[in-house]
Each structure stands twice: as structure tokens, then as C-alpha cells.
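Structure first, then comments.
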Amino acid sequence: RKFVYFFGKEETEGKNSMKDLLGGKGANLAEMSNLGIPVPPGFTITTEVCVLYLEKGSYPDGILDQIDAAIEKLEKVNGKKFGDINDPLLLSVRSGARVSMPGMMDTVLNLGLNDQSVVGLAKKTGNERFAYDSYRRFLMMFGDVVLDIKHEYFESAIDAKKNELGVKQDTQLTASALKQLADKFKDIIKKKTGSEFPQDPRRQLQMAIEAVFNSWNNQRAIRYRKLNNIPMDWGTAVNVQTMVYGNMGETSGTGVAFTRDPATGKKEFFGEYLMNAQGEDVVAGIRTPLTIATLAQKMPGAYTQLVDICQKLEKHFKDMQDIEFTIQEGKLYMLQTRNGKRTAAAALNIAVDMVNEGLIDKKTALMRVRPEQIDQLLHPMIDPSAKYEVIATGLPASPGAAVGKVVFTAEHAEEMAALNKKVILVRAETSPEDIGGMDAAQGILTVRGGMTSHAAVVARGMGKPCVAGCGALSIDIHEKVFTVNDLRIKEGDYISIDGATGSVILGKVALVTPGVSEELKTLLSWADEIRKMGVRTNADTPHDAAVARDFGAEGIGLCRTEHMFFGDDRIPVVREMILAEDEYARKEALSKLLPMQREDFIGIFRAMQGYPVTIRLLDPPLHEFLPKHDELAEKFRLLEAGGTASQAAAAELLSLKELMERVESLTEINPMLGHRGCRLGITYPEIYDMQVQAIVEAACELKAEGMDIVPEIMIPLICHVNELRTVKKHVVNVIESVLAEKNVKMDYMVGTMIELPRAALTADQIAQEAEFFSFGTNDLTQTTFGFSRDDAGKFLPCYLEDSILGNDPFAVLDQEGVGQLVKIGIEKGRSTRPDLKIGICGEHGGEPSSVKFGYRIGLNYVSCSPFRVPIARLAAAQAVL
Ligand code: ADP
Ligand code: MG
Ligand code: MG
């Protein structure tokens with residue numbers, strides 16, 4: 001089998017489409033070579049080898065010969081020998097999985113150097129400083145990545161050397177200082193591993209390749225894959241590549257860039273570089289990098305070439321590129337390109353711009369924005385009218401605003417998040433070990449590092465606000481404080497950050513949620529052209545309904561009437577109704593609720609401007625509207641202690657006692673499966689009668705104003721067709737008598753929620769009565785799993801952690817189980833009523849994978865909370881594509 005693929009000017013065996021085999025980096029290095037872009041030649045060892053190696057602990061047969069042959073080819077094209085002591089060919093050993101895993105897998109540079117060849121390299125290049133700089137870098141990376149020695153040991157040796165010489169920058173270290181460092185590093189290696197640093201280049205190479213393979217299974221990599229749902233069995237490729245040197249002096253350098261701004265999406269070349277530097281100096285925050293624009297003055301030739309290459313790459317890959325380059329004595333080399341990570345705003349703006357530039361079509365643009373990202377676009381920013389004090393400013397590394405308590409370690413951030421506390425993670429700089437804490441924090445603030453630092457890149461990917469490189473801060477990790485000017489801010493103090501401006505703000509600042517931008521409107525209008533499924537909203541108030549309309553909702557799929565019962569003016573009347581001794585007293589209370597309900601519905605119908613509105617009749621168990629028994633008991637105890645001297649006090653005590661008894665009698669062991677939904681409508685028909693009357697009267701009133709309304713009345717929690725038959729009879733009676741009394745003609749529909757397994761299984765019978773179905777997937781999930789939604793918090797996290805369940809089924813529809821019931825419900829329902837209109841409401845209606853599933857199984861619409869309407873519109877379009 002072919003395990004090794006060569007790339008170079010003369011010959012390239014791989015291409016872009018071979019990412020699975022060559023990894024993303026390898027495939028794109030091959031592709032760039034194919035395009036004639038200057039890439040140092042090298043070869044890629046396939047991901048297959050990694051998988052086999054990790055399985056067996058040894059190389060597959062034949063691989064070593066293939067590597068030898070590839071090295072020989074490299075020697076030929078470079079005119080240098082690997083291991084030559086006078087003019088050594090040096091290599092980089094780079095990992096690269098199918099998808100990029102930033103900072104997860106490690107790179108070894110300048111491999112092939114040893115005590116003899118470093119002298120040869122110095123002589124050959126006439127640059128002794130460069131030779132020893134390369135050697136000390138190699139020793140450190142080899143020690144860290146391959147031999148697993150903590151890099152702090154090497155770093156403190158560097159710091160000690162700098163202190164000794166009184167210099168600040170690495171670049172100020174002289175050849176002899178670097179030589180001494182190299183010796184020191186070899187000592188460290190000897191001390192930590194018990195053996196000498198391996199001088200044999202072939203042995204170095206073999207060890208480095210194995211280290212890359214093994215790094216696939218290091219904790220950080222596993223963690224990252226878990227967080228990002230990357231399969232554990234992909235493995236990584238290894239790229240072995242000719243070195244080019246950015247550390248040869250002031251006409252050499254290295255940098256990273258994006259073809260467009262990854263934070264805003266603006267069509268502006270964006271990047272950073274350092275002169276006389278190598279490898280990850282730019283992103284490591286050792287020196288502060290220069291912006292790419294300054295390269296135009298420093299090295300105009302290389303800059304123009306770089307810009308040209310970037311344009312070529314964008315045209316070729318039809319997407320924004322994230323590139324790495326090195327300049328060796330004025331000559332430009334490309335070391336990497338990939339589709340750049342970007343914020344949600346950038347994803348949106350780039351997608352829309354690229355359609356306008358004719359680079360991609362609308363369909364491609366729609367697939368370029370993940371529906372979840374839209375969520376971020378509608379996420380908080382600082383209230384423009386808020387007053388606040390900016391105490392420092394860093395780089396605007398990842399937009400969005402966040403408020404939280406200061407924490408200084410990733411672990412602490414995770415602990416606090418587990419307690420539902422909002423925190424801002426404040427670090428000197430972040431590293432891959434911090435990923436869990438970054439994920440747990442509301443936002444990230446770093447002292448060091450640029451726009452491409454680890455913190456910035458990871459935060460943008462996560463959609464978290466981040467302010468990076470805020471040098472005015474100094475952190476005292478032991479005292480758990482940071483200071484800025486004269487201010488001391490302790491762990492646990494509140495700060496706010498604005499990742500769009502780089503501001504660090506004292507205390508809590510008010511946040512607001514932005515509206516829909518022009519670009520988002522454009523993209524969503526393309527989505528509307530393509531999608532076939534309707535998107536409605538769940539809304540209980542005219543305000544929510546209006547918000548949802550602005551987000552493009554085409555109706556209300558679920559208007560929960562119980563929320564209307566909770567207002568301060570309502571609850572006493574509602575209680576009066578519930579506590580009524582007899583039907584007469586209950587009707588009395590209901591007649592007070594009627595005009596209030598009518599006003600509610602008028603408001604909602606009006607906000608929906610004639611779009612359909614599905615109103616669900618009262619659903620929750622009645623005791624939810626009553627005071628808690630414990631509170632009453634406490635009140636009773638206090639009153640009783642006060643004595644029953646006066647008649648008034650005695651009477652009050654008595655009525656309180658009655659109330660307690662009533663509350664007690666309504667209390668249920670398991671209200672979720674108790675006296676609720678249509679069961680209420682059957683036992684207390686007058687409640688539903690009042691609601692239906694209010695709905696129809698409201699509709700009549702708007703009809704008189706010229707708005708055509710077809711009320712959709714929905715009966716909850718049906719499990720048997722006879723329940724629906726009984727309730728429906730009542731409902732229709734009320735409707736007809738209101739219409740007759742008002743002498744109005746109006747269409748209406750009576751339908752039901754399908755939210756119990758029995759309802760789904762007997763949907764054919766239920767559809768004989770129901771004119772529409774709405775799958776209440778929240779309750780259907782509860783009753784299918786037998787998980788109480790209110791109690792699942794005790795065990796679900798454990799299920800997710802142990803991968804017993806892949807997702808929280810209350811957030812992401814369980815297609816296998818609950819989804820099957822939905823499918824059965826649709827099929828059976830339409831078997832007796834072919835034109836049955838079917839939707840889902842509940843959390844899943846705005847969750848992209850559930851929306852797509854809903855389309856596949858034939859839903860007419862989804863209904864979700866107002867802020868998720870744009871997400872559902874995009875997901876519904878992607879479902880078609
Ligand atoms: P990562 O996947 O973490 O980005 P890379 O394999 O891209 O790791 O390597 C990190 C850096 O090492 C590159 O950005 C580049 O600066 C440097 N590097 C890698 N290969 C070479 C090479 N052949 N010549 C010079 N520098 C290299
Ligand atoms: Mg790296
Ligand atoms: Mg890279």
C-alpha cells in the first residue's frame with residue numbers, strides 16, 4: 001500500500017480532495033504545490049499509518065522503505081543530504097489531521113541538526129547565530145514534544161540567560177549565548193530522560209514521527225475532539241518538510257494571515273508577522289508581532305507576492321484562507337493554507353460578500369453559515385446607553401460582550417460554571433490546557449498575545465467574547481488579584497469585557513441584544529427562497545409575537561395560555577376560580593377572567609397581522625397557580641402565635657386553614673403525569689369554555705377591523721381519541737354559539753398536541769377528530785424516555801459525560817426514539833386525514849439538527865422561541881440543500 005505522498009515543485013502526488021488520507025495540512029500543501037505556489041518540498045505520511053501504528057504499537061510493513069525513498073527524493077530536489085555534517089538538509093515534522101485542531105498536535109522544527117552539523121550549517125551559511133538559534137530551538141522542541149520534558153525547564157534556562165546578559169528579546173541573544181543554551185538544553189535532556197540527546201538524524205526523525213502519532217492520543221487532543229465532536233479513530237497524518245528559515249536575520253521572518261478579517265469578515269488582508277523569527281514565535285506571544293500592512297514597506301516584493309498568492313488561494317478554494325508563511329532572506333514560502341476560522345459575523349458577511357463578488361452561489365453561501373452561529377449574532381453587546389468605566393483596553397480579539405466574576409485559572413472557571421456562576425477567565429495567556437475553562441467562561445481576557453494568539457483563535461471558534469493582549473494588566477496569580485494602574489481587582493470581583501472594542505470595564509455593565517443586520521436579512525431572504533418548511537414561533541405575549549415577526553416568523557405555532565394567568569392582576573382571580581366551591585362560583589371567577597383573556601388574544605392576533613395563530617388551552621396542573629403549601633403553613637404558624645383573640649383573626653385563621661386544605665388536596669405526587677392538559681378540560685369544562693369564548697370573540701373583533709383570522713385551537717395532552725372527541729364537542733359548541741350570537745361567519749380549526757406515546761401510536765384515530773397536529777416534543781421526550789425534565793439535571797450530565805447519550809434529548813431531538821414516534825404519528829395521522837397540517841413546537845423547533853430531521857419526515861412547519869426563528873429559517877433551507 002502507498003503510505004507516503006510526495007509534494008514539491010517537480011512532483012506532487014496528493015491533492016486537496018485527499019484530506020481524509022493526507023490530513024488537511026498535507027492535502028493543502030499538495031494542492032498549493034499543484035498550483036505552482038512556492039512551498040518547501042516534503043512528503044506526507046498518511047493517517048492510515050497513524051491508525052495502524054496506534055492499534056499495533058508498531059509500523060506497518062513497508063513504511064520505512066517508503067520513507068527512505070521519499071527522503072532520497074527530498075535530498076535530490078534540495079541538493080543537500082539529510083545528516084550531512086557540512087551542509088545538512090533539515091526538516092520540519094508536522095502533524096495534520098483531517099480537520100485542523102489548533103495547538104493540539106505539536107511540530108518539531110530544524111530536525112536533523114546535531115553537534116557536528118550545527119557547525120557545518122554555521123560555516124555554510126556564514127551565520128553562526130542563525131545556526132545555534134536553530135539548534136537551540138530544535139533541542140527545545142524535540143525535548144518538549146518528543147521526549148515529553150516540560151517546556152518550562154527550557155524556558156527558564158532562556159530567561160536565566162537573558163537575565164545574565166541583561167537583554168529582553170530572544171533576538172538579542174548572541175551566537176555564543178545560543179550555543180551555551182544549546183549545551184544547557186542537552187544537559188536538561190540528559191538529566192530528565194537519563195540518556196543523551198540522540199545525535200543520529202534518522203533516529204531523530206523516527207522518534208519525531210512516532211511522537212506525532214502518539215500525540216493524537218494526548219489529553220489535550222482528546223479533550224479537543226470531545227468538545228468538537230471529532231471522531232477518535234481518524235488519526236493524524238505526519239508532514240515531513242524541508243525547512244525554510246525565518247530566523248536568518250533582518251530580511252527573514254515568519255507570519256500568519258487571513259485573506260479577510262476573521263472577526264468582522266471585512267475584505268481586508270489581515271495578519272501579523274515577526275522578523276528574524278521562526279515557527280510559532282508569532283502566536284506564542286513572546287514578542288509583539290507587527291501588523292501585516294507594515295510588511296508592505298519593509299519588504300515590498302515579498303508583500304506583493306504574498307497578496308497575489310492569497311488572492312489566488314481565495315479564488316481557488318472559494319473561501320477565506322488562513323495562511324502561514326515564512327520569508328527566508330527575502331524569499332517567500334507558503335507553509336500552510338486552510339479555510340479560516342471566523343466569528344459568526346465574519347461567516348455571515350463573507351458568505352454574502354462572496355455571492356456579490358460572484359465567487360460562490362447563494363446555496364453555497366447558505367451552507368457557509370452554521371445555524372448556531374446566528375445565535376451569536378443576536379447575542380449580547382454593551383447597551384449603547386450604559387455608562388461605564390473602561391479601565392484598560394486590549395485587542396478586540398473576539399466580538400460580543402460579557403459580564404462575570406474574575407477567575408484566574410481554567411479549573412476555577414469550570415468549578416464556578418458548574419455552580420451556574422458567570423465568570424471571566426483572566427490569564428497571562430492561554431494554552432490548550434485551558435480550553436475547558438475557556439468554554440466554561442463567559443469571556444476571556446489575556447495580558448499577552450495578539451489577534452492570532454491561542455486565546456483569540458479559540459475564543460472566536462467558540463463564539464466567546466475575548467480581549468487579548470491587554471498589557472496594562474498585571475496578574476498576581478498567588479495573591480489572586482490583577483492590577484491596572486492603581487486599581488486592584490480581586491478574584492470574584494465583577495468585570496465586563498467588550499470583545500468588539502477590546503474594552504475592559506469595571507463592574508457589571510448592561511448588555512443588549514442586537515437586531516438583525518442587513519447581511520443577515522439578505523442571507524435569510526435567500527433561505528426563505530429555498531426552504532419548504534414553515535417557521536413559526538412560540539409566543540404568549542404581543543411583545544414576543546412582534547419580536548418574532550421581526551425575525552421572520554410566519555405565525556404562532558404555540559401560544560401557551562397559562563402564562564397569561566400569572567400576571568399580578570390575574571393570579572387572585574385565577575385562584576378564586578381554582579378554589580371555587582362549586583360550578584357557579586367557578587363561572588363567576590371565570591367571567592372576570594374572560595375580558596382579560598380576550599384582550600390578550602386581541603393583542604396577539606394584532607401583532608401577528610393575520611398570520612396563523614395556534615392557541616393551546618390551559619395545560620398545567622392547577623396547583624401551579626396556588627401559593628406553596630409550606631409558605632401557607634408558615635403564615636399559619638405566625639398567625640396562630642399571634643392568638644385568636646379578635647374575631648377577625650380567628651376568621652382569617654380559618655380561611656387560611658381552608659386554603660391549606662384545598663392546596664393540599666390539589667397537590668399531586670407526580671403533576672407531570674397528573675391532573676393537567678385535556679384532563680382539566682374534561683373535569684372542568686367551563687375553563688376551556690371561557691378560553692374558547694375569549695379567542696373567538698377576539699377574532700371577531702379583529703375581523704370587524706378587517707383582519708382575517710382563522711383561529712387554531714389546540715387541545716393539549718391527548719392520549720385517547722375519546723378525550724379529544726369530548727373536549728372538541730364542547731369547544732365547537734362554544735365557537736358556534738359565539739359566532740351565532742355575533743352573526744359572524746368564520747373558519748376555525750380544532751387540533752391537538754401529540755405529546756404522549758399513545759397519541760403518536762393511535763394518531764390515525766386521533767386524526768379523525770384533529771384538524772392539525774403539533775408535536776409537543778418536550779413532553780413527548782419526557783414520556784418516551786421516562787425522564788422528568790425537572791429532575792433530569794441530577795443524572796443527565798453524567799449520561800453525557802459517560803457518552804451514554806450523545807446529546808441532551810431535551811435540547812436535541814432523539815431521532816432514533818422520540819423521532820420514531822413523531823414519524824409514526826405523521827404517517828398514521830395522514831393515513832386518515834391526508835391534508836393534516838403538522839408542526840412541532842417545543843425546544844427542538846429551533847435546534848438545527850432537529851429542524852432538518854423534521855423536514856425529512858414531512859413536517860409542514862416548526863415553531864420555536866422568537867430568537868431562534870432566524871436559526872430555524874436557515875436550518876430549514878439547509879435541510880433542502
Ligand atoms: P500547527 O498545526 O500547530 O499550526 P504547523 O505544522 O503549522 O503547526 O507548524 C507550526 C509552525 O512551524 C508553522 O506555522 C511554521 O511557522 C513553522 N514551520 C512548520 N514547517 C516549517 C518549515 N518547513 N519551515 C519553516 N517553518 C516551518
Ligand atoms: Mg502548534
Ligand atoms: Mg500551522
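Pull up segment 465-486, narrow it to residues that are more than 21 Å from GLU272 (Cβ to Cβ) and either in contact with a strand residue (DSSP E or B) (Cβ under 6 Å, 6 or more places away or on another chain) or polar (S, T, N, Q) (or both), then point me to the one that is surrounded by the most Cβ atoms within 10 Å (Cβ to Cβ).
The first filter runs over segment 465-486 and keeps only residues more than 21 Å from GLU272 (Cβ to Cβ), leaving 474-486.
From what is left, the residues that are either in contact with a strand residue (DSSP E or B) (Cβ under 6 Å, 6 or more places away or on another chain) or polar (S, T, N, Q) (or both) are 474-475, 481-485.
On the way: SER474: 11, ILE475: 19, VAL481: 17, PHE482: 27, THR483: 14, VAL484: 16, ASN485: 9.
Once the filter is applied, the top-ranked residue is PHE482.
For LYS315, state whether it is free of Cβ contacts under 8 Å to residues at least 24 places away in the same chain and of a type in the set (Lys, Arg). Give the steps one after another, and end with the answer.
On the way: free of Cβ contacts under 8 Å to residues at least 24 places away in the same chain: no; of a type in the set (Lys, Arg): yes.
So LYS315 does not fit the description; no.
Conditions (1) polar (S, T, N, Q); (2) closer than 26 Å to LEU761 by Cα; (3) part of a loop (DSSP other than H, G, I, E, B), marked per residue:
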position	(1), (2), (3)
TYR799	no, no, no
PRO809	no, yes, yes
GLU816	no, yes, yes
GLY825	no, yes, no
LYS828	no, yes, no
ILE840	no, yes, no
ILE871	no, no, no
LEU874	no, no, no
GLN878	yes, no, no
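Yes or no: ILE840 under 25 Å from the mean Cα position of the chain (by Cα), under 22 Å from ILE713 (Cα atoms) and of a type in the set (Val, Ile, Thr)? Break it down into steps so the answer makes sense when it comes.
On the way: under 25 Å from the mean Cα position of the chain (by Cα): yes; under 22 Å from ILE713 (Cα atoms): yes; of a type in the set (Val, Ile, Thr): yes.
Taking the combined requirement at face value, the residue satisfies it.
For the list (1) assigned to a helix (DSSP H, G or I); (2) in the same structural domain as TYR135 (by TED's automatic domain parsing), I need the number of the one condition that ASN86 fails.
The failed condition is (1).
What pairs come out if I take residues in segment 282-300 that are in contact (Cβ under 8 Å) with a residue 60 or more places away in the chain and pair them with residues that are assigned to a helix (DSSP H, G or I) and within 16 Å of ligand 2 (Cβ to nearest atom) whose C-beta lies under 7 Å away, six or more apart or interchain?
Cβ pairs passing all conditions: VAL283/HIS454; ARG287/ASP281; PRO289/VAL282.
Return the only residue of LYS405, LYS421 being within 30 Å of ASN485 (Cα to Cα), part of a strand (DSSP E or B) and either touching a strand residue (DSSP E or B) at 6+ places or on another chain (Cβ under 8 Å) or at pLDDT 95 or above (or both).
Values: LYS421 fails: part of a strand (DSSP E or B).
Going through LYS405, LYS421 in turn, the sole match is LYS405.
Check whether at least one residue in segment 307-323 is crowded, with 17+ Cβ neighbours inside 10 Å and within 16 Å of ligand 2 (Cβ to nearest atom), and report yes or no.
yes
Pairs, please: C-beta under 9 Å, at least 6 apart or cross-chain, first residue under 19 Å from PRO289 (Cβ atoms) and in contact (Cβ under 8 Å) with a residue 40 or more places away in the chain and in segment 153-172, second part of a helix (DSSP H, G or I) and charged (D, E, K, R)?
Note: pairs meeting the criteria are GLN169/LYS162; ASP170/ASP133; ASP170/LYS162; ASP170/ASP281; THR171/ASP133.
Out of ALA459, ALA455, ALA413, report the one residue that is modelled with pLDDT under 85, in a helix (DSSP H, G or I) and buried (at least 24 other Cβ atoms within 10 Å of the Cβ). It would help to see each step written out before you state the result.
On the way: ALA455 fails: modelled with pLDDT under 85; ALA413 fails: modelled with pLDDT under 85.
The match here is ALA459.
Check GLN328, GLN336, GLN297 and return the single one that is within 16 Å of ligand 2 (Cβ to nearest atom) and not hydrophobic (A, V, I, L, M, F, W, C). Even if it seems obvious, please write down each step before you answer.
Details: GLN328 fails: within 16 Å of ligand 2 (Cβ to nearest atom); GLN297 fails: within 16 Å of ligand 2 (Cβ to nearest atom).
Selected residue: GLN336, the only one of GLN328, GLN336, GLN297 that is within 16 Å of ligand 2 (Cβ to nearest atom) and not hydrophobic (A, V, I, L, M, F, W, C).
Return the total of residues in segment 529-573 being among the hydroxyl-bearing types (Ser, Thr, Tyr) and crowded, with 17+ Cβ neighbours inside 10 Å.
Initial filter on segment 529-573 (among the hydroxyl-bearing types (Ser, Thr, Tyr)): 537, 541, 561.
Within this subset, residues satisfying the condition of being crowded, with 17+ Cβ neighbours inside 10 Å are 537, 561.
Total meeting the criteria: 2.
Looking only at segment 424-452, count how many residues are assigned to a helix (DSSP H, G or I), hydrophobic (A, V, I, L, M, F, W, C) and within 19 Å of PRO380 (Cβ to Cβ).
The initial filter retains those residues of segment 424-452 that are assigned to a helix (DSSP H, G or I), namely 432-440.
Remaining after also requiring hydrophobic (A, V, I, L, M, F, W, C): 435, 438, 440.
This time we only want the ones that are within 19 Å of PRO380 (Cβ to Cβ), so: 438, 440.
The total comes to 2.
Within segment 641-695, count every residue that is small (Gly, Ala, Ser), in contact with a helix residue (DSSP H, G or I) (Cβ under 7 Å, 6 or more places away or on another chain) and within 20 Å of PRO621 (Cβ to Cβ).
Going through segment 641-695 one residue at a time, the tally reaches 1.
Mind counting the residues in segment 90-137 that are under 23 Å from ARG223 (Cβ atoms) and away from ligand 3 (no atom under 16 Å from the Cβ)?
0
Which of the residues belonging to segment 249-275 are within 13 Å of ligand 1 (Cβ to nearest atom) and either modelled with pLDDT under 95 or not in a loop (DSSP other than H, G, I, E, B) (or both)?
Result: GLY253, THR254, GLY255, VAL256, ALA257, GLY271, GLU272, TYR273, LEU274.
Take the residues in segment 49-103 that are away from ligand 1 (no atom under 12 Å from the Cβ) and closer than 30 Å to HIS454 by Cβ; name whichever of them is surrounded by the fewest Cβ atoms within 10 Å (Cβ to Cβ). If you could, list the steps in order and put the result at the bottom.
Pass one, segment 49-103, residues away from ligand 1 (no atom under 12 Å from the Cβ): 49-73, 75-77, 79-88, 98.
Filter once more, keeping what is closer than 30 Å to HIS454 by Cβ: 49-51, 53-54, 98.
Details: VAL49: 25, CYS50: 26, VAL51: 17, TYR53: 21, LEU54: 15, ARG98: 21.
Among residues in segment 49-103 that are away from ligand 1 (no atom under 12 Å from the Cβ) and closer than 30 Å to HIS454 by Cβ, the one surrounded by the fewest Cβ atoms within 10 Å (Cβ to Cβ) is LEU54.
If ILE687 passes every condition in (1) among the hydrophobic types (A, V, I, L, M, F, W, C); (2) at pLDDT 80 or above; (3) surrounded by fewer than 16 Cβ atoms within 10 Å (Cβ to Cβ) but one, which one does it miss?
Looking at each condition in turn, ILE687 falls short on (3).
Only one of ILE189, ILE230 is more than 16 Å from ligand 2 (Cβ to nearest atom), among the β-branched types (Val, Ile, Thr) and under 36 Å from the mean Cα position of the chain (by Cα); which? First the steps, then the outcome.
On the way: ILE189 fails: under 36 Å from the mean Cα position of the chain (by Cα).
None of the other options fit; the residue is ILE230.
Name, by its number, the condition in (1) assigned to a helix (DSSP H, G or I); (2) away from ligand 3 (no atom under 16 Å from the Cβ) that does not hold for MET141.
(2)
The values are calculated or read from the model by the stated rules, or taken from the named source; none is laboratory data. Source: prediction; values computed, not measured. Quick reminder, even Gly has a Cβ in these numbers, built from the backbone with ideal geometry, and neighbours come from all protein chains shown.
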